[in-house]
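Asker: Below is a structure I'd like to ask you about.
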Amino acid sequence: MGIKVIFDTDPGIDDAFALFYTLSHPEIEVIGITTVFGNVPIDISTENAYILKEKSESNTPVFKGASKPLLRPNGNFPYFIHGDDGLGNINHARPKNIKENIEASDFIIDSAYRYPGEINIIAIGPLTNIANVINKDPKIWKIIKSITIMGGSWFAGGNISPVAEANIYNDPEAADIVFKSKIPITMIGLDVTHKVFLTNSNIKSLASFKNNSGKFLKDISSFYVKFYKVTKNMNGCYFHDATAAIAFTNPEFFDFKKGKVFVSQDSLTRGQTVVFESKKFHETIIEDNRQNINIANKVQSKKVIKKFLEIAENYMK
Ligand code: RIB
Ligand code: CA
């Protein structure tokens with residue numbers, strides 16, 4: 001019995017690293033994996049969650065969630081980053097034992113009532129499932145312990161538009177509902193995830209560990225790494241989603257500031273996260289009882305990578 005986590009994801013290659021880390025962490029008990037559209041359509045994202053569950057030898061149940069943003073149609077899927085199948089185009093076998101009985105947001109609500117005050121959510125895709133939870137049960141904030149979000153940007157600009165980070169851009173209305181909720185939130189945005197690189201030599205080390213997971217992660221990451229080489233001349237990749245998972249387990253590797261986060265729903269700045277830092281003078285602020293959240297603004301990136309490799313070497317299957 002460890003710290004209870006629900007892992008909300010749109011796998012996605014960097015999602016796979018984050019999920020393997022969280023599933024194998026000795027102090028964490030992942031009670032469910034909930035899926036959302038994002039890097040790929042929902043059917044592929046859910047199938048990928050099953051593939052990752054099998055490859056990591058986990059028994060954690062998977063629950064299929066939102067297929068589209070709350071109010072908008074789906075946009076383009078970034079097949080050029082994660083591959084047509086979302087997991088690097090390496091001909092994965094179809095997963096066995098696919099069981100879908102409860103919808104993702106219903107699973108989250110049921111779990112919150114089953115374990116009041118104990119559930120932490122790590123959300124590394126668009127925030128549609130979490131917004132559905134809040135819309136269905138507006139008082140649920142009283143019994144959810146925390147949400148750690150990979151998403152948004154304070155001063156780092158965007159990665160899908162000049163101002164927006166992809167997870168928030170993909171469902172800005174949902175993200176704003178979540179940032180407006182009273183659940184304790186930690187935002188791990190591009191200000192820190194653009195400081196954490198998994199290098200090609202880190203990936204080589206992963207593959208040398210005495211387990212199958214490291215080799216699997218290396219295999220799926222070739223496609224992702226190629227994208228970073230071609231588009232940014234990087235020798236490795238950003239480590240977005242795993243950085244959020246590690247911020248949950250090791251907040252001491254990060255500096256945080258407090259602020260209220262609003263999400264732009266305009267067409268020009270869609271998905272921009274506008275931060276009103278706590279205790280700073282602002283000429284204007286929208287007063288809607290929004291809470292301050294924790295926003296990561298600095299990271300000790302070497303410690304993040306070291307922690308990932310340590311968990312991979314010692315605990316992944
Ligand atoms: O902006 C990075 C995020 O978008 C990550 O969650 C990654 O998986 C991508 O979809
Ligand atoms: Ca993701």
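The values are calculated or read from the model by the stated rules, or taken from the named source; none is laboratory data. All figures in this text were calculated on a predicted structure; none of them were measured in a lab. Every residue, glycine as well, gets a Cβ built from its backbone with ideal geometry; the counts of neighbours run over all protein chains shown. Note: areas computed on protein heavy atoms with side chains; ligands, DNA, RNA excluded. Shrake-Rupley method; radii C 1.70, N 1.55, O 1.52, S 1.80 Å.
Asker: Out of the residues in the range 1-20 meeting the condition of being touching a residue at least 40 places away in the same chain (Cβ under 8 Å) and more than 12 Å from the chain's Cα centre (by Cα), tell me which one is nearest to ligand 2 (Cβ to nearest atom).
Answerer: Ranking the candidates gives F20 first.
Asker: Let me ask something additional. Answer yes or no as to whether A174 is more than 14 Å from the chain's Cα centre (by Cα) and within 13 Å of ligand 1 (Cβ to nearest atom).
Answerer: Values: more than 14 Å from the chain's Cα centre (by Cα): yes; within 13 Å of ligand 1 (Cβ to nearest atom): no.
Considered against the rule, which asks whether it is more than 14 Å from the chain's Cα centre (by Cα) and within 13 Å of ligand 1 (Cβ to nearest atom), A174 comes out as no.
Asker: Something else about it: Any chance the range 262-281 includes a residue that's farther than 25 Å from L52 by Cβ, open to solvent by 30 Å² or more (accessible area, probe 1.4 Å), among the hydrophobic types (A, V, I, L, M, F, W, C) and at pLDDT below 95?
Answerer: Step one: of the range 262-281, the residues farther than 25 Å from L52 by Cβ are 262-281.
The next check asks that each one be open to solvent by 30 Å² or more (accessible area, probe 1.4 Å); those that pass are 265-270, 272, 274, 276-281.
Next, only the ones that are among the hydrophobic types (A, V, I, L, M, F, W, C) stay: 268, 274, 276, 281.
Then drop every residue that is not at pLDDT below 95, which leaves 281.
For the range 262-281, residues farther than 25 Å from L52 by Cβ, open to solvent by 30 Å² or more (accessible area, probe 1.4 Å), among the hydrophobic types (A, V, I, L, M, F, W, C) and at pLDDT below 95: present.
Asker: Scan N132, N89, N76 and give me the residue that is touching a Phe, Trp or Tyr at 6+ places or on another chain (Cβ under 9 Å) and either more than 14 Å from ligand 2 (Cβ to nearest atom) or open to solvent by less than 20 Å² (accessible area, probe 1.4 Å) (or both).
Answerer: Details: N132 fails: touching a Phe, Trp or Tyr at 6+ places or on another chain (Cβ under 9 Å); N76 fails: touching a Phe, Trp or Tyr at 6+ places or on another chain (Cβ under 9 Å).
One residue alone meets the criteria, N89.
Asker: Quick test for you: out of T60, T35, T46, pick the one residue that is out of contact with any strand residue (DSSP E or B) (no Cβ under 6 Å at 6 or more places or on another chain), open to solvent by less than 30 Å² (accessible area, probe 1.4 Å) and hydroxyl-bearing (S, T, Y).
Answerer: Values: T60 fails: out of contact with any strand residue (DSSP E or B) (no Cβ under 6 Å at 6 or more places or on another chain); T46 fails: out of contact with any strand residue (DSSP E or B) (no Cβ under 6 Å at 6 or more places or on another chain).
After applying the criteria, what remains is T35.
Asker: From the list N97, N39, N91, exactly one residue is of a type outside the set (G, A, S), on the phi > 0 side of the Ramachandran plot and touching a residue at least 12 places away in the same chain (Cβ under 8 Å). Which is it? Spell out how you get there, then give the answer.
Answerer: Details: N39 fails: on the phi > 0 side of the Ramachandran plot; N91 fails: touching a residue at least 12 places away in the same chain (Cβ under 8 Å).
The match here is N97.
Asker: Please find, among N212, N292, the residue that is in contact with a Ser or Thr (Cβ under 7 Å, 6 or more places away or on another chain), open to solvent by 60 Å² or more (accessible area, probe 1.4 Å) and farther than 20 Å from P78 by Cβ.
Answerer: Details: N212 fails: in contact with a Ser or Thr (Cβ under 7 Å, 6 or more places away or on another chain).
On inspection, the qualifying residue turns out to be N292.
Asker: Here's something else I'd like to know. Only one of F239, F256 is modelled with pLDDT of 95 or more and under 14 Å from F17 (Cβ atoms); which?
Answerer: On the way: F256 fails: under 14 Å from F17 (Cβ atoms).
Matching residue, one of F239, F256: F239.
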